[in-house]
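Structure, as structure tokens:
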Amino acid sequence: MIYADDLGYGDVSCNGGAVPTPQIDRLAREGLSFTDAHSPAATCTPSRFALLTGRNAFRQPGTGILPGDAELIIAPGTVTLPSLLKTAGYATGVVGKWHLGLGDKLIDWNGQIRPGPNEIGFDYHFILPAMGDRVPCVYVEQGRVVGGAEDDPIAVSYAERIDGSPSGKERPDQLKQRWSHGHNQSIINGISRIGWMTGGRRARWTDEDMADVLTRQACDFITRHAESPFFLYFATHDIHVPRVPHARFAGQSGYGLRGDAILQLDWCVGEVLDALERLGVGENTLVILAADNGPVLDDGYQDGANEQLRDHDPNGRYRAGKSSLFEGGTRTPMLVRWPQRAPAGRRSDALVGQVDLAASLAALVGAPIPSGAC
């Protein structure tokens, strides 16, 4: 399951987008394209909650957009998509953006972080605790910050300022990408974020390398488990803000940084598909690509998303986008490739909701669903 972030229906070239997405188009050419597929919500956290639990987020309070230090909002032991697949013998992993909270109290970023993905059905995780525009700006692997050090402890706060160094609001001249609204607190890698963070200097990510790091981890998981059933939930960060693509993609789209981030996302998809083919499991692997909500242009940084849009229409013919009540808020691309089972090159206008995927995939592999779950 490749879950893109803020990708609009019209952001992919197989749906008419002006930015070329040849690898995503490959999914469409070799599989099935849904024209009426919807995310469970018009923002990220509730969509991810619903995708993994099979329950609409409005049924549980506290499932709105979370800060980076929020507690885990899926209770340990909850029946989830990965836990159902585990009962059918699948190894399960999540790589990428999490944004469903971690821990059950104030998080100690310098020790073991539990509960987390492992407690709700994932055997393995390598994640961003929230997303790129929020602290902490570190990766977490199997409950520990990658690269954390005892002599440089990490502290995070969304309630009060703990960072004595200049903020993005105070020193915009220190930023390589300026904020437009809200994202003006701790500066990490020349970009100011939401929230305050100190410590963890060696653990902090480099935004330009994020897609490479996450895609490598995704392909490594596939490689480790290619000889037996596996489920990978690969939640890319692209094309969410801050949009800071690698130098290979920066300036290549002709549509500014947002367009460059689409190229980078497309590359990530291609790397996963190539890994499946290289390992000889592409024919019998079901690949699903979808997004957590519709598109957004200026989402807190001055990255030229509005000014360099040109003839590209992120939501196609649908109204509005992320955070809206209109159709552009939830109608996203959805592509399914499964050479042994799914017809190639077809388009379907069937109404599809991601909240049904947990039950549908469980049924597909013969995993019984407990009464009242999903």
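Just so you know, all these numbers are worked out from the coordinates, no wet-lab data involved. Everything numeric here is computed off the predicted structure, so don't read it as measured data. Positions of Cβ are backbone-derived with ideal geometry, glycine not excepted, and every protein chain shown enters the neighbour counts.
What is the distance in Å between the Cα centres of segment 277-305 and segment 1-80?
9 Å
Taking H placed 1.01 Å from N in the peptide plane, check which residues at least 5 places from residue 71 or on another chain put their amide H under 5 Å from its amide H.
Amide H to amide H, under 5 Å and 5 or more residues apart or across chains, residue 71 pairs with 102.
Once you have the Cα-Cα distance between residue 323 and residue 356, take 0.36 nm times their residue separation minus that, and quote the gain in nm to one decimal.
Working: separation 33, 0.36 × 33 = 11.88 nm, distance 2.13 nm.
Length gained, residue 323 through residue 356: 9.8 nm.
Find out how many positive minus negative residues lie around residue 66, taking Lys and Arg as positive, Asp and Glu as negative, among other residues whose Cβ is under 12 Å from that of residue 66. Let's see the in-between values first.
On the way: positive: 48, 97, 134; negative: 69, 71.
With Lys, Arg at +1 and Asp, Glu at -1, the net is +1.
Of the listed values (1) 78, 58, 43; (2) 57, 47, 40; (3) 67, 51, 48, identify the label whose number matches Cα extents along the principal axes in Å calculated from this model.
(2)
For segment 113-189, which trypsin sites (Lys or Arg not before Pro) pass both filters: DSSP loop (anything but H, G, I, E, B) and at most 16 other C-beta atoms within 10 Å?
Numbers: sites: 134, 144, 161, 169, 176, 178; in loops: 161, 169, 176, 178.
Taking segment 113-189 and a limit of 16 other Cβ atoms within 10 Å, the loop trypsin sites (Lys or Arg not before Pro) found are 161, 169, 176, 178.
When Lys and Arg each count +1 and Asp and Glu each count -1, what net charge do the other residues less than 13 Å away from residue 298, Cβ to Cβ, add up to? Walk me through the numbers on the way to the answer.
Working: positive: 178, 243, 258, 322; negative: 6, 133, 299, 303, 307.
Residues close to residue 298 contribute a combined charge of -1.
Starting at the first residue of segment 338-351, write each ³J(HN,Hα) from the Karplus equation 6.51 cos²θ - 1.76 cosθ + 1.60 with θ = phi - 60°, in whole Hz, x for Gly and Pro.
So the J values, rounded to whole Hz, are 7, x, 6, 10, 8, x, 8, x, 9, 10, 10, 9, 5, 6.
Per residue of segment 53-63, in order, report the coupling 6.51 cos²θ - 1.76 cosθ + 1.60 (Karplus, θ = phi - 60°) as ³J(HN,Hα) in whole Hz, putting x for Gly and Pro.
Couplings: 9, x, 10, 4, 5, 5, 6, 10, x, x, 9 Hz.
Using a cut-off of 25 Å between alpha-carbon atoms, which lysines can reach residue 86, once sequence neighbours fewer than 8 places away in the same chain are excluded?
Within the straight-line limit of under 25 Å, residue 86 reaches these lysines: 97.
Using θ = phi - 60° and the Karplus relation 6.51 cos²θ - 1.76 cosθ + 1.60, list the HN-Hα couplings for segment 360-374 in order, rounded to whole Hz, with x at every Gly or Pro.
Values, residue by residue: 5, 6, 4, 5, 4, 9, x, 8, x, 9, x, 4, x, 9, 6 Hz.
Where nothing but the Cβ of Lys and Arg (+1) and of Asp and Glu (-1) is charged, how large is the charge dipole of segment 274-317 around its Cα centre, in debye to the nearest 20? If you can, show how the numbers build up before the last one.
Values: 3 positive and 10 negative charges, 32 e Å.
So the magnitude is around 160 debye.
Could you pull out every residue, at least 5 positions away or on a different chain, whose amide H is within less than 5 Å of the one on residue 92? Hs are placed 1.01 Å off N in the peptide plane, and Pro or chain starts have none.
123, 124, 231
Which number do you get for Rg(Cα) / (2.2 N^0.38 Å) in segment 188-243?
Numbers: Rg = 14.8 Å, N = 56, 2.2 N^0.38 = 10.2 Å.
This ratio for segment 188-243 stands at 1.45.
Pulled fully out, how much extra length does the chain show between residue 344 and residue 75, if you take 0.36 nm times their separation in residues and subtract their Cα-Cα distance?
Values: separation 269, 0.36 × 269 = 96.84 nm, distance 3.88 nm.
Between residue 344 and residue 75, full extension yields 93.0 nm more.
Near the amide H of residue 138, under 5 Å away, which other amide H atoms are found, from residues 5 or more places off or on another chain, if H is placed in the peptide plane?
Correct list: 205.
Mark the label point 7 Å from the Cα of residue 88 along Cα→Cβ and return the residues of segment 328-355 whose backbone N is within less than 19 Å of it.
335-343, 353-355
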